[in-house]
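Engineer: This structure is in structure tokens; I'll ask about it shortly.
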Amino acid sequence: MVGWGLLVAAISVASAALAFPGDGFDDEPINYTRTEATDVVAQLQKRLEKGHLLQRNAANGYLTAVLRELDVPVSSQVLVFSKTSFQTSRISPLTPRALYFNDDVYVGWVQEGNVVEISAVDPQLGGVFYTLNQDRFATQKFVRQNFECLSCHTSTLTSGVPGHTVRSVYPGRDGQPVFSAGSYVTTDESPLEQRYGGWYVTGTNGQQYHLGNLMLKNEAEAQTVDRSAGANVTSLQRYFDPAPYLTPHSDLVALTVLQHQTHLHNLITKANHETRRALHYEKLLNKELGRASDFRSESTTSRIRSVAEPLVRGLLFSGEAPLTGPISGTSGFAKEFEARGPWDKQKRTLRQFDLKSRLFRYPCSYLVYSEAFDGLPAEAKEYVYRRFSEILSGKDTTKEFAHLNIIERQSILNILRATKPDFDAWLVKQARGGA
């Protein structure tokens, strides 16, 4: 499904470095297409097979029902108008594509589209892609899409794993990306001026300008585009009629969280897959060389470290691009997102926003609570927890984590101990000598 675009957006269908499922994803130990998914969409499909029915309405087909069943908040709606999805013909600045998300799943919808697009993050497989036929007479079934979607969704844009990408492009007035003008894969490390190209954005951002809400007359205009023209937009009425959508918003805070989340999901999947590959290879090698089955080589340890350390940096927002002033959204997403917790006894949660100088008040990603993180191999999670202990205790004072002062480190450590039971249990075990 070329150009699915995360269900998210502006992903290039012309990427020069695409990978395909034959590049190891159907080999041991991943077995991507041969492994039954256990993600939230797969679980919902099992309920449908037992007789559960989705309610359909004339306005958006099964969209509202899917969001309700998967617990995806309507306030997460963001709108992308660049033509970067397989339903390209139905996407334009007048009919943008709507995207919704929670911690585990992404849902895409276009006006008069044939299908609802869904992508879930499976604890072992990474991104798993589905479509749901919008025809009222069709069987209600989430159809898993493999090779069509993975042709783009296992590219260098997704860290080489089945995953997701938020991309910022320079769109023309018809919504076609002007790729010759350049584009950006955006994460929480991206400066604001590179973000949101091809997206509608509602919210306030002061004099921190981005590429949202802008369209080019021609390629040359990319060099002189006035970013302030798309800034601080609180109503999209001037661009198109938002009436067909569930809300009239494309929330700035939701978009910013989305960019962090997709990047982190890819890092988690990378750590999962590469750790499993390293352990699988070592198991075969130990048998071949007649070594003990639990022998651990330095090579295997190094391979695990090489994918787990980037995950640690991502979880702790190392390299996050600073905000130079306050930002805010318009849909109520921030309040609803924070309310999901979990909270410690001091009423603190990793979901609390800062939105003045950075995204979160306590820079440790809420995705430590996700099914994807919990599905990491024990060896990878052990590495992450050991590094958390070193960094948050103040033992590690390297520049990668200099953005965390001692009070913030202690706060994050205490929040994690109160809200992440297996981490607290790991710390207790270490204090007792690892017994």
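None of the figures in this text is laboratory data; all of them are computed from the coordinates on show. None of these values were measured; they are calculated from a predicted model. Note that each Cβ is placed from the backbone with ideal geometry, even for glycine, and that neighbours are counted across all protein chains shown.
Engineer: Considering the dipole of region 40-252 built from charges on the beta carbon (Lys and Arg +1, Asp and Glu -1) around the Cα centre, which of Val166, Trp109, Leu211 is farthest to its positive end?
Structural biologist: Most positive-ward Cα: Trp109.
Engineer: Now, a different point. Could you tell me the calculated FRET efficiency between Arg358 and Lys217, based on Cβ-Cβ distance and R0 = 35 angstrom, to the nearest 0.05? Before the final figure, lay out the partial values.
Structural biologist: Values: r = 35 Å, r/R0 = 1.00.
FRET efficiency, Arg358 to Lys217: 0.50.
Engineer: Here's something else I'd like to know. Roughly how big is region 48-206's charge dipole about its Cα centre, with Cβ charges of +1 (Lys, Arg) and -1 (Asp, Glu), in debye to the nearest 20? Kindly include the intermediate steps, with their values, before the conclusion.
Structural biologist: On the way: 12 positive and 14 negative charges, 94 e Å.
In total the dipole reaches around 440 debye.
Engineer: Related question: Compute, for region 185-242, the length of the dipole vector about the Cα centre, with Cβ point charges of +1 (Lys, Arg) and -1 (Asp, Glu) only. Units Debye, rounded to 20.
Structural biologist: Details: 4 positive and 7 negative charges, 35 e Å.
The dipole of region 185-242 has a size of about 160 debye.
Engineer: How high is the relative contact order of the chain? Use alpha-carbon pairs under 8 Å, at least six apart in sequence, and give a whole percent. Working shown, then result.
Structural biologist: Values: 871 pairs, mean separation 65.1, N = 435.
Relative contact order of the chain: 15 percent.
Engineer: Follow-up question, since we're still on this one. Put a dot 7 Å past each Cα toward the Cβ at Arg432 and Arg136; how far apart are the dots in nm?
Structural biologist: That separation, rounded to one decimal, is 6.1 nm.
Engineer: Please determine, in degrees from 0 to 90 and to the nearest 10, the orientation of helix 406-419 with respect to the longest principal axis defined by the Cα atoms of the chain, where the helix direction is its Cα long axis.
Structural biologist: 90 degrees
Engineer: Could you give each residue of region 77-92 its phi-based ³J(HN,Hα) in whole Hz, using Karplus coefficients 6.51, -1.76, 1.60 with θ = phi - 60°, and x for Gly or Pro?
Structural biologist: 3J(HN,Hα) across region 77-92, in whole Hz: 4, 10, 10, 10, 10, 6, 7, 9, 10, 5, 9, 3, 4, 9, 10, 6.
Engineer: Sticking with this structure for a sec: Let me see the P(r) profile for the chain: every Cα-Cα distance counted, bins of 10 Å, each bin given as a percent of all pairs.
Structural biologist: P(r) over the chain, rounded to whole percents: 4, 21, 31, 26, 13, 4, 1, 0.
Engineer: Could you sort 246-256, 275-285, 382-392 so that the peptide with the highest average Cβ count within 10 Å comes first and the rest follow in order?
Structural biologist: The densest-packed peptide leads the list: 246-256, 382-392, 275-285.
Engineer: Moving to a separate point now. How large is log10 I(q)/I(0) at q = 0.12 Å⁻¹ when the Debye formula is applied to the Cα atoms of region 146-273, each weighted equally and without solvent?
Structural biologist: -0.51
Engineer: Something else now. For region 34-87 and region 212-239, write down the distance between their C-alpha centroids in whole Å.
Structural biologist: Here the answer is 31 Å between Cα centres.
Engineer: List the residues, sorted by chain then number, that are 5 or more residues from Leu216 or on another chain and whose placed amide H is less than 5 Å from its amide H.
Structural biologist: Excluding prolines and chain starts, which carry no amide H, the hits are Gly172, Arg173.
Engineer: Another question, if that's okay. Using only Cα positions of region 280-431, each an equal point scatterer, no hydration layer, compute I(q)/I(0) via Debye at q = 0.15, 0.16 Å⁻¹ and quote the log10 values to two decimals.
Structural biologist: Result of the Debye calculation: -0.86, -0.95.
Engineer: For the peptides 163-171, 286-294, what is the packing order when you average, over each peptide's residues, the other Cβ atoms within 10 Å and list the highest mean first?
Structural biologist: Details: 163-171: 26.8, 286-294: 9.4.
Final packing ranking: 163-171, 286-294.
Engineer: Explain nothing, just compute: Karplus ³J(HN,Hα) = 6.51 cos²θ - 1.76 cosθ + 1.60, θ = phi - 60°, for every residue of region 106-112 in order, whole Hz, x for Gly and Pro.
Structural biologist: 10, 10, x, 8, 10, 4, 6
Engineer: Another question, if that's okay. To check you understand DSSP bridge types, tell me what percent of the beta bridges within region 40-252 (both residues inside) are antiparallel, rounded to 5.
Structural biologist: Numbers: 31 of 33 bridges.
Expressed as a percentage, antiparallel bridges in region 40-252 total about 95.
Engineer: Additional query: Take every DSSP beta bridge with both residues inside the chain and express the antiparallel ones as a percent of the total, to the nearest 5.
Structural biologist: Details: 33 of 35 bridges.
In the chain, DSSP labels about 95 percent of beta bridges as antiparallel.
Engineer: Return, ordered by residue number, the residues of region 299-318 whose backbone nitrogen is under 12 Å from a label point located 7 Å along Cα→Cβ of Arg291.
Structural biologist: Taking a point 7 Å out along Cα→Cβ of Arg291, the residues of region 299-318 whose backbone N falls under 12 Å are 299-302.
Engineer: What are the residues whose amide H is under 5 Å from the amide H of Ser190, where those residues sit 5 or more places off or on another chain and H is modelled from the backbone?
Structural biologist: Distant-sequence amide H within range of Ser190: Ala321.
Engineer: Show me the trypsin sites (Lys or Arg not before Pro) within region 15-118 that DSSP assigns to loop and that have at most 14 other Cβ atoms within 10 Å of their Cβ.
Structural biologist: Values: sites: Arg34, Lys46, Arg47, Lys50, Arg56, Arg68, Lys83, Arg90, Arg97; in loops: Arg34, Lys50, Arg56, Lys83.
In loop regions of region 15-118 (DSSP not H, G, I, E or B), the sparsely surrounded trypsin sites (Lys or Arg not before Pro) are Arg34, Lys50.
Engineer: Run the helix sum for the chain: -39,500 (n - 2.57) per DSSP H stretch of 4+ residues, divided by residue count, reported at 222 nm to the nearest 500 deg cm²/dmol.
Structural biologist: On the way: 10 runs with 131 residues, N = 435.
Mean residue ellipticity at 222 nm (helix-derived): -9500 deg cm²/dmol.
Engineer: Which one of Gln346, Ile412, Trp426 is farthest out on the positive end of the charge dipole of region 280-431, using unit charges on Cβ (Lys, Arg +1; Asp, Glu -1) and the Cα centre as origin?
Structural biologist: Gln346
Engineer: Skipping prolines and chain starts, which residues have an amide H placed within reach, meaning under 5 Å, of the one on Lys420, given they are 5 or more residues away or on another chain?
Structural biologist: Hits under the 5 Å cutoff: none.
Engineer: Under 21 Å from the Cα of Lys335, which lysines turn up, not counting those fewer than eight places away in the same chain?
Structural biologist: Lys345, Lys347, Lys356
Engineer: Could you list Ser85, Ser370 so that the one with the fewest beta carbons within 10 Å of its beta carbon is first and the one with the most is last? Before the final figure, lay out each step's value.
Structural biologist: Numbers: Ser85 28, Ser370 19.
The fewest-first ordering by Cβ neighbours comes to Ser370, Ser85.
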